[in-house]
1. Quick check on my filter: what residues within the stretch 58-87 are within 23 Å of residue 179 (Cα to Cα), out of contact with any helix residue (DSSP H, G or I) (no Cβ under 8 Å at 6 or more places or on another chain) and surrounded by 16 or more Cβ atoms within 10 Å (Cβ to Cβ)?
2. For the stretch 88-107, give me each residue that is outside any helix (DSSP H, G or I) and touching a helix residue (DSSP H, G or I) at 6+ places or on another chain (Cβ under 8 Å).
3. Name the residues in the stretch 162-186 that are part of a helix (DSSP H, G or I), in contact with a strand residue (DSSP E or B) (Cβ under 8 Å, 6 or more places away or on another chain), touching a residue at least 40 places away in the same chain (Cβ under 8 Å) and surrounded by fewer than 23 Cβ atoms within 10 Å (Cβ to Cβ), would you?
4. Do any strands (runs of 3 or more DSSP E) entirely within the stretch 1-87 hold 1 or more residues that are farther than 30 Å from residue 167 by Cβ and modelled with pLDDT of 95 or more, and if so, which?
5. Here is a check on your reading of the model: is residue 125 outside any strand (DSSP E or B), surrounded by fewer than 19 Cβ atoms within 10 Å (Cβ to Cβ) and either at pLDDT 90 or above or out of contact with any helix residue (DSSP H, G or I) (no Cβ under 8 Å at 6 or more places or on another chain) (or both)?
6. Please specify each residue of the stretch 108-119 satisfying the condition of being under 17 Å from residue 19 (Cβ atoms) and part of a loop (DSSP other than H, G, I, E, B).
């Protein structure tokens, strides 16, 4: 089967996922991390996706509020292994490890894997681009109308870790630089304990984009960002 539908809220297809009424990109997801930027490729023959150029430095993200969803239910039995893999084997985060591991359909069923969405709202993202991430903003200005930045990602987690992040993210979600351009996201502290995941290449299941809708001051300041979702393939 090429897609799955859960209560008309989540649909997983080969090249995109529909969640919350929005279509997230899947192609090239293994190269995507939160706040990387590049050029959106729109082809009449293949599914659209983003070609990665670089990313916002982790030090610029340490004070940017990152949001997360509740665990997203998926019936993994209803998607084919071919569609699940896409380009490379997908990865998931487990409760007892910070680094994402490969999974297949069987493991997803056994571990009752959930999807979790992490995102940055438009206001904080624009502020970061205008006040800190000058190199990224300038690169997007030079790229022109095809420039995009990854503002949201979905990752797979086992049920225990997903519930931990969902429970503690509202009060204690923090980000840190793990080295080698890896962003660490931590939920929980004190008596409840903390859990960290390393958002490295390969850990993203699908992603959402923003583009610049308007510029100020000869393209040295972003006036407005606008979300941009999957549309073909």
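The values are calculated or read from the model by the stated rules, or taken from the named source; none is laboratory data. All figures in this text were calculated on a predicted structure; none of them were measured in a lab. When we count neighbours, we look across all protein chains shown, and the Cβ atoms used for this are built from the backbone with ideal geometry, even at glycine.
1. 58, 66 - these are the residues of the stretch 58-87 that are within 23 Å of residue 179 (Cα to Cα), out of contact with any helix residue (DSSP H, G or I) (no Cβ under 8 Å at 6 or more places or on another chain) and surrounded by 16 or more Cβ atoms within 10 Å (Cβ to Cβ).
2. If the condition is that a residue be outside any helix (DSSP H, G or I) and touching a helix residue (DSSP H, G or I) at 6+ places or on another chain (Cβ under 8 Å), then 88, 90, 92, 93, 94, 95, 103, 104 are the ones that fit.
3. 164, 166, 169, listed by residue number.
4. By residue number, 36-41, 49-55.
5. no
6. 113
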